[in-house]
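A short write-up of the structure that comes next.
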Amino acid sequence: MNLSRGNKIKIYTVKSKNTKICNSRRGGFTLIEVLLSLVLLTIVLGVVYSSFFTVQRALERFDSISLKYHEARTVLDIIRREIDGAILKKSQLPDSDENQTAFVIEDRDTFGKPASRLRLASFSFKGSGLKAISYYVQEKDENLVLVKAESYPFMLSAEKNMTDTSPGKEYAMEMIEGIEGFTIETLFNDKWIKTWDSKETGTLPEAVRFSIEFDDNGKKVKLTEYARPKIGLQL
């Protein structure tokens with residue numbers, strides 16, 4: 001087809017309704033898209049917060065039970081040192097049967113849980129001289145507490161000028177609370193027994209085994225230590 005120079009070609013641009021709709025969508029989000037985004041954000045935040053509080057509770061339980069392990073091991077170490085330094089000795093005072101030191105283990109229980117009692121005379125690892133020491137379990141706020149009591153068993157020559165050191169003057173302190181049991185045993189004739197009285201045997205035990213039990217998130221844990229008296233096994 002021949003076109004002369006005088007003829008002009010006109011080009012028309014047709015805009016459809018679909019084009020207008022596409023352009024309008026490029027300018028923002030629909031309500032459904034916003035709602036879906038909010039729902040997804042809520043789910044993600046819920047998972048994050050749940051994980052955070054779960055980890056926080058786990059750390060708190062870990063700190064609590066770690067403290068219980070530390071307390072139990074510390075108490076066992078103190079008892080071991082005191083048993084290692086246990087001594088049987090008669091008082092320098094006349095009529096001193098009541099002032100004679102002793103090593104006594106009693107088998108007891110509290111609410112069906114082992115609650116042994118220990119009485120001995122030992123040189124304190126703190127360096128404050130010979131003391132009468134006892135360990136026993138008592139109930140407090142529906143929990144078992146291991147208590148230590150100290151007193152001077154008798155007046156030694158170096159202690160006569162000290163105040164508040166008379167026999168029977170006890171100082172009690174709570175060593176560890178929330179325990180499930182406290183057990184003390186001694187080796188006799190190759191067997192572990194739960195009672196001992198030096199007034200009957202006339203000697204200290206050859207070896208002593210003692211344990212503290214406590215709860216670790218529903219699991220009962222038992223820590224055990226051993227000791228051997230080293231000073232004057234016999235009167």
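Table for the structure above
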quantity: Using a Förster distance of 45 Å, the FRET efficiency for A207-V55 (Cβ separation, nearest 0.05); calculated: 0.50
quantity: Inter-probe distance in nm under a simple model that places probes 7 Å from Cα toward Cβ, at L40 and E177; calculated: 5.2 nm
quantity: Net charge, L204 excluded, C-beta distance under 14 Å - Lys, Arg +1, Asp, Glu -1; calculated: 0
quantity: Extension gain (nm, one decimal) between L67 and F29, 0.36 nm per residue minus Cα-Cα; calculated: 8.2 nm
quantity: Residues K222 and E200, FRET efficiency given R0 of 30 Å [Cβ-Cβ distance, rounded to 0.05]; calculated: 0.55
quantity: Cβ-based exposure ranking for T42, T203, in which fewest neighbours within 10 Å come first; calculated: T42, T203
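Bear in mind these aren't lab numbers, they're just calculated from the coordinates by the rules spelled out. All of these numbers come straight from a predicted model, not from anything done at the bench. Glycine also receives a Cβ, built like all others from the backbone with ideal geometry; neighbour counts cover every protein chain displayed.
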